[in-house]
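> Below you will find the structure I want to go over with you.
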Amino acid sequence: MEKKKVLLAIAIALIFALFVGYGIEVFHDAPKMNDYCPENVYEIDNEEECINSGARWQSHDNNEAKPVVKGNCQNKQECYTNYELIFAGHDKIVFIVSIIVGILAIVTGIILKKDAVSVGILSGGILLILYGTLRYWRHANETLKFVLLGIVLALLIWISYKKLK
C-alpha cells in the first residue's frame, strides 16, 4: 500500500474506534464518583458535623502543641464500593458493545475491496475489541480473561489467513 493509503487506513482505524467509544459514552453515561461519594465531606473540619453528614471522622494523632485540625472527614467505604459496582456494570456494557461492533467491523473490513478503507475498518475493529477488553479486564475473572485472549488470538489468526493470503 502506498503512503497515502497507509495514513488513511490509520486515520480510519483511530477515528472509527474513537467514534464508537465516544458513542457508547454518549448513550450510556459513565457513573460519576460525586453521585456516590460527595466531595464536600473533605471540607468539613469538625467531628460532629462530619458524622451528621453521614461520613466518618478520621482522627489524627498529632504531637504538636497546637494542632490546627485534629482529624479529617472522609466518605464511608460503602460509597466507594457502590461506585465500583455501578462502574463495573458500565464497563461491562462498554465491553459487550465494543466486542460486537469490533467483530462486525473486522468482518466488514474483510469483505470490503478498497485497501485503505478495508484495512482501516478492520484495524478499527481490532482497536475497539482491545479497548472494550481493557475496560473490562480488571472486573473479569481469570477464566474469562483466558477465554477472551484465546478468542482474540483465534480471530487474529483467522484474519491473517483470510486477509493476507
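> Test Thr81 against the criterion of being at negative phi, at pLDDT below 90 and of a type in the set (Ser, Thr, Tyr), and give yes or no.
So Thr81 fits the description; yes.
> Identify all residues within the range 123-165 that are buried (at least 17 other Cβ atoms within 10 Å of the Cβ) and over 18 Å from Phe95 (Cα atoms); write none if there are none.
Matches in the range 123-165: Ile159 only.
> Give just the number: which of (1) under 28 Å from Leu128 (Cβ atoms); (2) of a type outside the set (A, V, I, L, M, F, W, C); (3) at pLDDT below 90 does Glu47 not satisfy?
All conditions are met except number (1).
> With respect to the numbered conditions (1) over 30 Å from Trp137 (Cβ atoms); (2) of a type outside the set (D, E, K, R); (3) at pLDDT 75 or above, which one is the sole condition not fulfilled by Asn62?
(3)
> Output the number of the condition that Val20 fails; it satisfies all remaining conditions of (1) aliphatic (A, V, I, L, M); (2) under 30 Å from Gly125 (Cβ atoms); (3) modelled with pLDDT under 95.
(3)
> Output the qualifying pairs, or none if there are none: Cβ atoms under 8 angstrom, residues six or more apart or on different chains, first residue in the range 128-142 and within 15 Å of Glu25 (Cα to Cα) and in contact (Cβ under 8 Å) with a residue 60 or more places away in the chain, second residue of a type in the set (Gly, Ala, Ser) and surrounded by fewer than 22 Cβ atoms within 10 Å (Cβ to Cβ).
Leu128/Gly21; Tyr131/Gly21
The values are calculated or read from the model by the stated rules, or taken from the named source; none is laboratory data. It should be emphasised that the depicted structure is a prediction, and the values quoted were computed from it without experimental measurement. Using ideal geometry, Cβ is built from the backbone for each residue, glycine included, and neighbour counts are taken over all protein chains shown.
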